[in-house]
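Asker: Can you keep this structure in mind? I'll have questions shortly.
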Amino acid sequence: MPAANRFVLSGGPGGGKSALLAALAERGYPVVPESARAIIRSRMQAGLAPRPEPAAFAQAIFQQDAQRYQQSQNLDTPCFFDRSVVDALYMLHVAGAMDDAAVAQQCSAYPYNRTVFFLPPWQAIYQTDGERDQTFSEAQQVYANLKRWYLRWGYDVVGVPCCSVPERVAFVLHAVTQAAERGGAD
């Protein structure tokens, strides 16, 4: 699949990414779920702590995101990712497990459409659970840090408004059409 067809939904926890992804899937679009939640769920089912130490957690997410990226190769329509390799690279960088040169190399190896949809943490829907243990304030900080990170690596961050899921779907699909008209990949 060309990078132009790979669209990322990112931002802080509790912004409604999973609900938006599910709604896009219901409309027939291919979607790729978030790796971190799957890893946490698997660890908890095995009786382990939800997360290993930060570098190991980031590496596990990166490996799963890279594998999921490769599995999306043969699609000719827009595909939506709940987070991406770029998010995992941020975690690896923060954990001191990857320097800027290595991040740049991986960003080149795993390109996405330059238009990245950012969903802010939304107080009205924010909930913690067994897989999400950040406070709302921490979620806001994750959002701000990831936004700077995506901008740093040349992505165009598009804020998704806090509104109903159908309105968000319409917003995203309209932006996808605009990105296709501009040519959204490097």
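The values are calculated or read from the model by the stated rules, or taken from the named source; none is laboratory data. Note that the coordinates shown come from a computational prediction; the quantities given were computed from them, not determined experimentally. Every residue, glycine among them, receives a Cβ derived from its backbone with ideal geometry; neighbour counts consider all protein chains shown. Each accessible area value is taken on the protein alone, full model and side chains, heavy atoms only, with ligands, DNA and RNA left out. Shrake-Rupley method; radii C 1.70, N 1.55, O 1.52, S 1.80 Å.
Asker: Summarise the accessible area of the range 26-117 (1.4 Å probe, protein heavy atoms) by the percent that is carbon and sulfur.
Answerer: 50
Asker: Let me ask something else about it. What accessible surface, in Å², does a 1.4 Å probe find on MET44, ignoring ligands, DNA and RNA and rounding to the nearest 10?
Answerer: Number for this one is 90 Å².
Asker: When the helices in the chain are scored as -39500 (n - 2.57) per DSSP H run of 4 or longer and the sum is shared across all residues, what 222 nm value do you end up with, to the nearest 500 deg cm²/dmol?
Answerer: -16000 deg cm²/dmol
Asker: Evaluate the relative contact order of the chain (contact order divided by residue number), counting alpha-carbon pairs under 8 angstrom at least 6 apart; express in whole percent.
Answerer: Reported relative contact order: 36 percent.
Asker: Okay, moving on. Provide the per residue accessible area, probe 1.4 Å, for the range 1-85, rounded to a whole number of square angstrom.
Answerer: So the range 1-85 comes to 43 Å² accessible per residue, rounded to a whole number.
Asker: Ignoring solvent entirely, what values of log10 I(q)/I(0) come out of the Debye formula for the range 10-69 at 0.13, 0.25, 0.27, 0.31 Å⁻¹ when each Cα is a single scatterer?
Answerer: -0.41, -1.11, -1.16, -1.22
Asker: What does the C-alpha gyration tensor say about the overall shape of the range 20-122? Classify as rounded when a/c is under 1.5, otherwise prolate if a/b is larger than b/c, or oblate.
Answerer: Because a/c hits 1.5 or more and a/b fails to exceed b/c, the range 20-122 counts as oblate.
Asker: Can you give the charge dipole size of the chain about its Cα centre, rounded to the nearest 20 debye, using +1 on the beta carbon of Lys and Arg and -1 on the beta carbon of Asp and Glu?
Answerer: Around 100 debye, computed over the chain.
Asker: Can you give me the orientation-averaged projected area of the convex hull built on the Cα atoms of the chain, in nm²?
Answerer: Projected area, direction-averaged: 10.0 nm².
Asker: While we're looking at this one, here's another question. Just report the Cα centroid separation between the range 49-72 and the range 153-180, whole Å.
Answerer: 26
Asker: Follow-up question, since we're still on this one. Leaving out ligands, DNA and RNA but keeping every protein chain, what accessible area does TYR155 have, in Å² rounded to the nearest 10, with a 1.4 Å probe?
Answerer: Roughly 20 Å² of TYR155 is accessible to a 1.4 Å probe.
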